Amino acid sequence: ERQALRDAVTRYNAEGVAGLFDRPKGRRPEWLTEAEQASLAAAIFKGPKPEVDGVCAWTREALAIWISAKFGKTLHPGSLSRILRRLDMSRQKARPVHPKTDAKAQERFQKGGCATP
């Protein structure tokens, strides 16, 4: 193409041989800002509040709804996987813990049975 040759000659005249090397392409800006990503990470580490958030464990779908409500930005759960990966998090979730779990009953069971003495 004549235009590509003309651009190369113009860059060579302006910058010398260094002007002929490929330049990095621009990237699309992040969908969530750094502050929003920090807020998302804090919310994930803190965990959901069932009475406020309506879920007992964060899923990508629940996080997408949370982001929509908090920041007003719509994200597909699949896109959220990329954001979580960039934050060094996994899309996998831990086994949910019921908020009314009885720790003493679990301890009794682990010691050898459910019967109370």
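The values are calculated or read from the model by the stated rules, or taken from the named source; none is laboratory data. Treat the numbers as computed from the prediction; the structure is a model and nothing was measured. Cβ coordinates were reconstructed from backbone atoms using ideal geometry, including for glycine residues, and neighbour counts include every protein chain displayed. Accessible surface areas use protein heavy atoms only, side chains included; no ligands, DNA or RNA. Shrake-Rupley method; radii C 1.70, N 1.55, O 1.52, S 1.80 Å.
Quick check: is even one residue across the stretch 3-25 open to solvent by less than 100 Å² (accessible area, probe 1.4 Å), under 20 Å from His98 (Cα atoms), acidic (Asp, Glu) and out of contact with any strand residue (DSSP E or B) (no Cβ under 7 Å at 6 or more places or on another chain)? Within the stretch 3-25, not a single residue is open to solvent by less than 100 Å² (accessible area, probe 1.4 Å), under 20 Å from His98 (Cα atoms), acidic (Asp, Glu) and out of contact with any strand residue (DSSP E or B) (no Cβ under 7 Å at 6 or more places or on another chain). Per the conditions (1) assigned to a loop (DSSP other than H, G, I, E, B); (2) under 30 Å from Ala4 (Cα atoms), the sole criterion not satisfied by His98 is (2). In the stretch 78-93, the residues that are within 11 Å of Ile44 (Cβ to Cβ) and open to solvent by 100 Å² or more (accessible area, probe 1.4 Å) reach residues that are outside any helix (DSSP H, G or I) and small (Gly, Ala, Ser) with C-beta atoms within less than 6 angstrom, at least six apart or across chains, in these pairs: Lys93/Ala57. From the list Thr116, Thr74, the lone residue that is modelled with pLDDT of 85 or more and outside any helix (DSSP H, G or I) is Thr74. Residue pairs whose Cβ atoms lie under 8 Å apart, separated by 6 or more positions or on different chains, with the first residue in the stretch 48-66 and open to solvent by 40 Å² or more (accessible area, probe 1.4 Å) and the second at pLDDT 85 or above and polar (S, T, N, Q), are Arg60/Ser81.
Checking the stated criteria, Glu36 turns out to be under 17 Å from the mean Cα position of the chain (by Cα) and charged (D, E, K, R).
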